[in-house]
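What follows is a single structure, written as structure tokens, with notes after it.
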Amino acid sequence: MQVRKIERLEDFIALRQNWEAVYAADPHAHIFVSWLWLRGWFQIASPRWFILAARPDAASPYVAFLPLQWRG
């Protein structure tokens, strides 16, 4: 398993297709983890956010995303 920390809006934007595929495959996903909602949030919360993105190996698409925000 490979985990990458994503901190730049440009990198998040580039993941849109992969993110939306993972989102569509999760029957429990809600609007607050959708790519569209998070893009808007990251634009106003910058730079206090990051995403952990997991994939089986470097040649595979991501299979999980964990968006997080620093507090304090």
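Would you point out which residue out of Ala64, Ala59 is at pLDDT 95 or above, surrounded by fewer than 13 Cβ atoms within 10 Å (Cβ to Cβ), over 13 Å from Arg4 (Cα atoms) and of a type in the set (A, V, I, L, M, F, W, C)? Lay out the reasoning, then the answer.
Numbers: Ala64 fails: over 13 Å from Arg4 (Cα atoms).
None of the other options fit; the residue is Ala59.
This table checks each residue for (1) more than 13 Å from Leu66 (Cα to Cα); (2) free of Cβ contacts under 8 Å to residues at least 40 places away in the same chain; (3) of a type outside the set (A, V, I, L, M, F, W, C); (4) loosely packed, with under 12 Cβ neighbours inside 10 Å.
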position: Val3; (1), (2), (3), (4): no, no, no, yes
position: Leu9; (1), (2), (3), (4): yes, yes, no, no
position: Ala25; (1), (2), (3), (4): yes, yes, no, yes
position: Val33; (1), (2), (3), (4): no, yes, no, no
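Name the pairs whose Cβ atoms lie under 8 Å apart, with the first residue in region 50-72 and assigned to a strand (DSSP E or B), the second surrounded by 13 or more Cβ atoms within 10 Å (Cβ to Cβ) and hydroxyl-bearing (Ser, Thr, Tyr), and 6 or more positions between them or separate chains?
So the pair list comes out as Ala53/Tyr62; Ala54/Tyr62; Arg55/Tyr62.
The values are calculated or read from the model by the stated rules, or taken from the named source; none is laboratory data. None of the values given here were measured: they were computed from a predicted structure. Please note: Cβ atoms are built from the backbone with ideal geometry, for glycine as well, and neighbour counts cover all protein chains shown.
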